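In what follows, a structure is listed as C-alpha cells, so that the remarks can point back to it.
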Amino acid sequence: MPTLNHYLLLAILLFGLGVTGVLIRRNALVILMCVELMLNAANLALVAFGRSGGSLEGQAFAFFSMTVAAAEVAVGLAIVVLIFRHSGSTDLESIRLVGGGAREEQ
Amino acid sequence: MELNSNGVALAVLFGLALALVGVMYLAATYLGPKKFNKAKLQPFECGMDPVGSPREGGLRLRFYVVAILFVVFDIETIFLYPWAVSYSKLGLFGLVEVLVFLGALGIGLFYVLRKGVVAWK
Amino acid sequence: MDFSGLNVAALLPELLVSGGGLLVMALHAAFRGRQDRQLVWVSLASVVAALAFCLNPLTVEPGYFGSALSDPMAFAGRITVLAALVLLLPGGVAYARSRNLPQAEYLSLSLFAATGMMALASAGDLIVLFLAVEVLSISLYCLAGLMGERESSRQAALTYFLAGSFASGFLLFGMALLSGSAGTLDIAALGTGLARVSGTGTQWVALGGVVLMIAGLLFKVGAVPFHSWVAEVYSGSPTVVTAFMSTAAKAAAFAGFGRVLLALGSVSEAWVPLVGICAGATMILGNFTALVQGNFKRMLAFSSVAHAGYLLLGLMAVGAAGESLEAVIFYLLPYVLANAALFLVAAKVSQAGSGNYKLDDYKGLARRNPWLAGLLALLLLGLAGMPPLAGFMGKFMVFSAAVRAGHTGLAVLGILTSVVAVFTYLRPVVYAWFHEPEESGALNLDGGLAFVVWVAGAGLLLLGLWPRLWLDLCAGIGV
C-alpha cells in the first residue's frame, strides 16, 4: 500500500525531472512540457497531502493550479507560434541567432 | 471463486480472439497474391494523380489557435463539477458565482468570435 | 452553509478593475474596434471607482473566509498599483496609438494584470497568492509581446514567459510542500503549523518548501541569482509595459513576498542567510551594472534590480525581527511614482531623438525644455535617495529597520551602493544641464505626459516632506 511518502518521493522525482529538462533542453516546446511536469508534480503533492490529511483544500488548490497551467500553456504556445512564424524554428539558440544583437526596442 | 473462473474464461476468450486475428493476418500475408504497380502504390486520391508531398503545405496556424482555445475553455469546466456536486448546499450564492464565472468566459468567447479567430475560410 | 464570513466587499476593488477589463474587451468586440478611443475612459473610470472603494472603510473586514485581507499592506499595495495605472494608462494608450499597437488589448490586459497585483497584495491564503501571481504574470507575458511585429518584443515575451513559468513551478511546488506539511493554506497560520511539525521528519519537507517558494518569489522580483531575464525583458518590451512591470508588478510582488516572510518568521534561520546573500548581491550587481549603461531604458531596468535589493533588505527585517512593514510600504509608493514617470519621459525623449534610448539624447535637454529637465532631475534624485525627496525617507526607513534587526553589515552595504546609485542617476542630469544640445528646437510635452511628470514630482516632494501623511493613511485604514 503506497503511503504519503511514496507519493511525495514520486512528486519530488517528477519535479527534479522537470527542472533538469528546463535547464538542459534548448527547444522552447520541450521546455514548456518540462514546466508542465513541474506543475503536475506540485499537483500530485497537493492531492497526496490533501488525501492523507483528510482535507479537501489540497484538491481545491490542484483544481486551480490545473486551470492556471492551461492558461499558461495557451499563452506560451501562442508566443511560440508567433516566434515560429517569424523565425521558422522553436530552438532557442537559432531564435537568438536570428535576433542578432539588435534587441533594443525603438 | 466464481470471479476467478469468470476471469479465466475471459482470458481464454481474449487469447482465442487474438490468435484468430493473428492467423488470419499471417495467412493473408503469406498466401495472398501480391501484384504491385504504380497506380496501386499511390496514396488514394479521387480522380487525379496526387500533386506534391502531403507534408508540403505544413500545418495551418488556424489549427493551433483552435486547439489553444479548446484547451482553455475545456479546462474551465473543471469548476462546474464541484459546484454541481454541492449545488444544494451552495444555493443561490453558488448559482450567482457560477453565472459570474460563465459570464466572464462568455465575454471571452464573444471577443474570440468577433475577432474572427474561428471563422473558417 | 454559513455565508457570514463571505463579505464580497473585501474584494470589490479587484472586482471593479477586472470588470473594467472585461468591459473594455466586450466593448472593443461589440463595436469592432471603431470606438477604441473611448475605451481609455472606461478603464480609468473603473480604476477611479476602485480607488474610491479602497478609501471606503467598508473593505476593512476580511472577505471570502479570510482569503482576501484588507490590512494596511493590502491597502498600500492596492493604492500603489492603482496610482501606477492612473499615471500609465493615458500615456500608454497614446504610445500604443502612435506605434499602431492594439489599444483595447493593451488596456484590458493592463487591467487584468492590475487585478492580479491587487489580489497579491491582499492575499490571505496560498491559493489566492498563487492565482494572483499567475494572473499578473500571464497578462504581462501577453503585454510584453504586444509589439509582436518587432523581433525584440517577441524575444522579450518568450524570455519572460520561460523564466516566469519556471519560477511559477518552483513557487507552486514549494507551496504544495509547505502547505501540506503545515496542514493549512492560510498564510498567517503557516507559522503555527510549522511549529507543530518541528522536530519531526515532516519539518524537512516544510523547510524544502520554504526554500523553493522563496526561490520562486526571488525569481519573480528579479533578485540577483535569478535576474538574468530582467535586462532582455525590460529593454525588449514596449516601454509603457516595461514601466508597468518595473513599478506596479514589482510593488505587488514585494507586498506578497512580505506577507509570506512575515508568516515564516518562526523559521527565519532557514531563509535569512539565503535572502541576505541575495539582497547584498542584488544591491551590488544592480547598482554597478546600472552605472555603466549607455542606454536610459536599460539603466532604469538595472536600477530597478538594485531597488529590489533594498526592498529585500527591508523584508528581511520584517520577517526575521518582527519590524513593522512600514518601511517597505513607504519605500514602494515613491519608487513607483518616479519610475512610471521616468519611463514615459524616456519614451518621449527617445522618440524625439535617436529612437533607441541613448543617454546622449538627454544632452542639452535644459535648453530645449527647462521644466522637463528640472523635473527629470527631481525624479532621478528622488530615486537616488536625496533629501528632502521621498526616496531618501524610504531608504532611511529601510536601513534603520535593517540596523534594528541586526543586519548592520547589509545596511552599510546598502548605503555604500546608494552612493554608486547617485552617480548613475546624476549622469542624465549632468547631460541635460551641462552639455550642449545635439539637436536644437524645443521639446514640448503633451498635456497627459506633463500631468504625469508633475504629479510624480509633486508626490515625491510631498511624501518626502510629510512621510506620516501616507503612513497614517495606511495605518488608519486597517488594523
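Can you spot a residue in the stretch A:44-55 that is touching an Asp or Glu at 6+ places or on another chain (Cβ under 8 Å) and facing chain C (nearest Cβ under 7 Å)? Within the stretch A:44-55, not a single residue is touching an Asp or Glu at 6+ places or on another chain (Cβ under 8 Å) and facing chain C (nearest Cβ under 7 Å). Taking the criterion of being of a type outside the set (Gly, Ala, Ser), farther than 18 Å from C:TRP466 by Cα, in a helix (DSSP H, G or I) and over 20 Å from the mean Cα position of the chain (by Cα), the residues of the stretch C:361-398 that qualify are C:ASP361, C:TYR362, C:LEU365, C:ARG367, C:ARG368, C:PRO370, C:TRP371, C:LEU372, C:LEU375, C:LEU376.
Cβ-Cβ contacts under 8 Å between residues 6 or more apart (or on different chains), taken from a first residue in the stretch A:29-40 that is facing another protein chain (nearest Cβ under 9 Å) and within 21 Å of A:SER89 (Cα to Cα) to a second residue that is outside any helix (DSSP H, G or I) and charged (D, E, K, R), are listed as A:ILE31/A:ARG25; A:CYS34/A:ARG25. Comparison of C:ALA68, C:ALA50 shows that the only residue that is crowded, with 16+ Cβ neighbours inside 10 Å, within 20 Å of C:GLY92 (Cα to Cα) and within 25 Å of the chain's Cα centre (by Cα) is C:ALA50.
Here A:ARG26 meets each of (1) in contact with a strand residue (DSSP E or B) (Cβ under 8 Å, 6 or more places away or on another chain); (2) buried (at least 18 other Cβ atoms within 10 Å of the Cβ); (3) not hydrophobic (A, V, I, L, M, F, W, C) with one exception, condition (2). Taking residues in the stretch C:235-246 that are on the phi < 0 side of the Ramachandran plot and free of Cβ contacts under 8 Å to residues at least 60 places away in the same chain, and partners anywhere that are among the basic types (Lys, Arg) and surrounded by fewer than 24 Cβ atoms within 10 Å (Cβ to Cβ), not one pair has Cβ atoms closer than 6 Å while being at least 6 places apart or on different chains. Considering (1) in contact with a Leu (Cβ under 6 Å, 6 or more places away or on another chain); (2) touching a residue at least 40 places away in the same chain (Cβ under 8 Å), the lone condition that C:ALA163 does not fulfil carries the number (1). Does the stretch C:251-260 contain any residue that is within 16 Å of C:GLY124 (Cα to Cα) and over 16 Å from the mean Cα position of the chain (by Cα)? For the stretch C:251-260, residues within 16 Å of C:GLY124 (Cα to Cα) and over 16 Å from the mean Cα position of the chain (by Cα): present.
Within the stretch C:69-92, which residues are of a type outside the set (Asp, Glu) and more than 13 Å from C:VAL47 (Cβ to Cβ)? Once the filter is applied, which keeps residues that are of a type outside the set (Asp, Glu) and more than 13 Å from C:VAL47 (Cβ to Cβ), the stretch C:69-92 yields C:LEU69, C:SER70, C:PRO72, C:MET73, C:ALA74, C:PHE75, C:ALA76, C:GLY77, C:GLY91. Does C:LEU158 satisfy being within 11 Å of another protein chain (Cβ to nearest Cβ), surrounded by 24 or more Cβ atoms within 10 Å (Cβ to Cβ), at pLDDT below 95 and out of contact with any Ser or Thr (no Cβ under 7 Å at 6 or more places or on another chain)? It is true that C:LEU158 is within 11 Å of another protein chain (Cβ to nearest Cβ), surrounded by 24 or more Cβ atoms within 10 Å (Cβ to Cβ), at pLDDT below 95 and out of contact with any Ser or Thr (no Cβ under 7 Å at 6 or more places or on another chain). Checking the stated criteria, C:VAL349 turns out to be among the β-branched types (Val, Ile, Thr), over 22 Å from C:PHE254 (Cβ atoms) and buried (at least 23 other Cβ atoms within 10 Å of the Cβ).
A quick yes/no check of all residues on (1) β-branched (Val, Ile, Thr); (2) crowded, with 19+ Cβ neighbours inside 10 Å:
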site: C:PHE396; (1), (2): no, no
site: C:SER400; (1), (2): no, no
site: C:ALA411; (1), (2): no, yes
site: C:ILE415; (1), (2): yes, no
site: C:LEU426; (1), (2): no, no
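Listed here are the residues, each with its yes/no results for (1) part of a loop (DSSP other than H, G, I, E, B); (2) at pLDDT 85 or above; (3) surrounded by 18 or more Cβ atoms within 10 Å (Cβ to Cβ).
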residue	(1), (2), (3)
C:VAL429	no, yes, yes
C:LEU445	yes, no, yes
C:PHE451	no, yes, no
C:GLY464	no, yes, yes
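Residues are listed down the side, and each one gets a yes or a no for (1) farther than 18 Å from C:MET245 by Cβ; (2) assigned to a helix (DSSP H, G or I); (3) at pLDDT 90 or above:
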residue	(1), (2), (3)
C:LEU58	yes, yes, no
C:PHE65	yes, yes, no
C:MET73	yes, yes, no
C:VAL86	no, yes, yes
C:LEU89	no, yes, yes
C:ASN100	yes, no, no
C:LEU111	no, yes, yes
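A single entry from B:GLY94, B:GLY116 fulfils the requirement of being on the phi > 0 side of the Ramachandran plot and more than 7 Å from every other protein chain (Cβ to nearest Cβ): B:GLY116. Looking across the stretch C:279-335, just one residue is among the acidic types (Asp, Glu) and touching a Leu at 6+ places or on another chain (Cβ under 7 Å), and that is C:GLU326.
Of all residues in the stretch C:234-286, those satisfying the criterion of being within 14 Å of chain A (Cβ to nearest Cβ), in a helix (DSSP H, G or I) and farther than 16 Å from C:LEU82 by Cα are C:TYR234, C:SER235, C:GLY236, C:THR239, C:THR242.
Of all the listed residues (C:SER139, C:SER228), the sole one being within 23 Å of the chain's Cα centre (by Cα), at pLDDT below 90 and either within 9 Å of chain A (Cβ to nearest Cβ) or over 30 Å from A:SER55 (Cβ atoms) (or both) is C:SER228. Just one of C:LEU218, C:LEU207, C:LEU194 is away from every other protein chain (no Cβ under 11 Å), over 23 Å from C:LEU313 (Cα atoms) and touching a Leu at 6+ places or on another chain (Cβ under 9 Å); which is it? Just one listed residue meets the conditions, C:LEU194.
The values are calculated or read from the model by the stated rules, or taken from the named source; none is laboratory data. Fair warning: this is a prediction, and the values are worked out from it, not measured in the lab. Virtual Cβ from ideal backbone geometry, glycine too; neighbours counted across all protein chains shown.
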